[in-house]
1. In nm, give the distance between the simple-model label positions of Val76 and Leu50, each being 7 Å from the Cα along the Cα-to-Cβ direction.
2. Please check which bits of the stretch 107-124 a label hung off Ile286 would reach, taking the label as a point 7 Å along Cα-to-C-beta and the cut-off as backbone N under 19 Å.
3. With charges only on Cβ, +1 for K and R and -1 for D and E, what is the dipole size of the stretch 176-296 about its Cα centre, in debye, rounded to 20?
4. Could you sort Asp217, Asp243 by accessible area so the largest value comes first, with the probe set to 1.4 Å?
5. Between the stretch 351-368 and the stretch 306-349, how far is it from one alpha carbon centroid to the other, in angstrom?
6. Below 13 angstrom from the Cβ of Ser218, what's the summed charge of the other residues (Lys, Arg +1; Asp, Glu -1)?
7. With the contact rule set at Cα under 8 Å and sequence spacing of 6 or more, what percent relative contact order holds for the stretch 159-308?
8. Kindly work out what percent of the DSSP beta bridges joining two residues of the chain are antiparallel, to the nearest 5.
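The values are calculated or read from the model by the stated rules, or taken from the named source; none is laboratory data. All of these numbers come straight from a predicted model, not from anything done at the bench. Glycine also receives a Cβ, built like all others from the backbone with ideal geometry; neighbour counts cover every protein chain displayed. Ligands, DNA and RNA are excluded from the accessible area calculation, which covers all protein heavy atoms including side chains. Shrake-Rupley method; radii C 1.70, N 1.55, O 1.52, S 1.80 Å.
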Amino acid sequence: MSRLQNLAILGATGSIGRNTLDVAERYPQRFRIFALSANERMDELADLCLRHRPRYAVVAQSVQADALRRRLEAGVTEVLTGPQGLERIAAHAETDCVMAAIVGAAGLAPTIAAARAGKKLLLANKEALVMAGPIFMQAVRAHGAVLLPIDSEHNAVFQCLPDPFSGDLRSHGVRRVLLTASGGPFRDIPLERLHSVTPDEACAHPNWVMGRKISVDSATMMNKALEIIEAHWLFGATHEQIDVVVHPQSVVHSMVEYADGSVIAQLGNPDMRTPIAHALAYPERIEAGVGSLDLSVISRLDFVAPDFARFPALRLGYRALKEGGTSPATLNAANEVAVSAFLGRRLPFLAITAVIEAVMDELHPRALTSLDDVINADLSARRHAQIQVEAMTV
Ligand code: NAD
Ligand code: MG
């Protein structure tokens, strides 16, 4: 039995955060909840602190911190604030394992801090890797961090590779990586209906319960576009080696094809506790609370080619990967602005990818050599995206 690991969960009140706690609390002798962070749902964070008694809790602002302190028993949990608080728990000497489950670019700094502190890093926050790929991977390598993917597709690919950390697919005889995609809630609806779909319709994912931002990303398939870039950085796959296949049942989580024609797939019920448990216990296997896969009940598994006309985001993902440099950060930031405008009912659904493409056309990719380059590209894309949103506002 492995020793007790101190776990820091960045984004503890989110969908991934809650699933992480669900798995970790099954093994109190393996995992200690050392630090929790949240940006909203303060009542839920207070309940989590009372239940798990972490050493640290991190919230966004000092008013929230004061309110949280009043609810907690004195002397158990120290309440920290803001980005410094997040970086402190991510890099803390006593933190063994960091679950990076903040949504969007806000998760970049603490996730990089965890990599630079050489932690075991469970990566759900794909946006951080997409924005800062070369800087992020360099930090992981230079500081000996152990990077384990939580995204179900990448966790599946990881499980199908003989040496997932090598970053050299060809020497392992890998021909390509096949990322599966459910196709989201709008896979089959008539194209003319797409311009008027609402945020609630976009967030009603057929197979997964997720935060609202990633749900909209799944509806546009920008989520898969980000995942193409994520797969490139995690596994060293070129854009020619990454294919997407639409698989509505979300049972095959992804596949790896080898030079001899063998295709190895990882299957399971669509439940994020599986990849979370895989990464938490890696290289051991633990119970995750996920039931057995009953293929006779599912009875069929369908696969179709993605529709690039319906989902232009996929094309933008490949474009950003091919352009390289700041292009993925631009794609990601413009997407965050456009999705937020859509969720706020200020932008129609089809304009999300139109905003992103316009921003990518305006901002020519530049080389990425430092975290400052990433942050500047992100800010610049956000400014341009805001202007595009205003121009396309309903
Ligand atoms: P969510 O919206 O449910 O939760 C996000 C968490 O981050 C919350 O705890 C929130 O308080 C915190 N947060 C939000 N903005 C913040 C900010 N500015 N500063 C600090 N904290 C902030 O999101 P989720 O669905 O759990 O997704 C989290 C990440 O995991 C995303 O990057 C997503 O792409 C990825 N992911 C999620 C799933 C899933 O099934 N939910 C699957 C694969 C990958
Ligand atoms: Mg995924």
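1. My value for the distance between the label points is 0.9 nm.
2. From the stretch 107-124, the list is 119-124.
3. Charge dipole of the stretch 176-296: 220 debye, to the nearest 20.
4. Asp243, Asp217
5. Cα centres, the stretch 351-368 to the stretch 306-349: 8 Å.
6. Here the count lands on 0.
7. Across the stretch 159-308, relative contact order equals 30 percent.
8. In the chain, DSSP labels about 30 percent of beta bridges as antiparallel.
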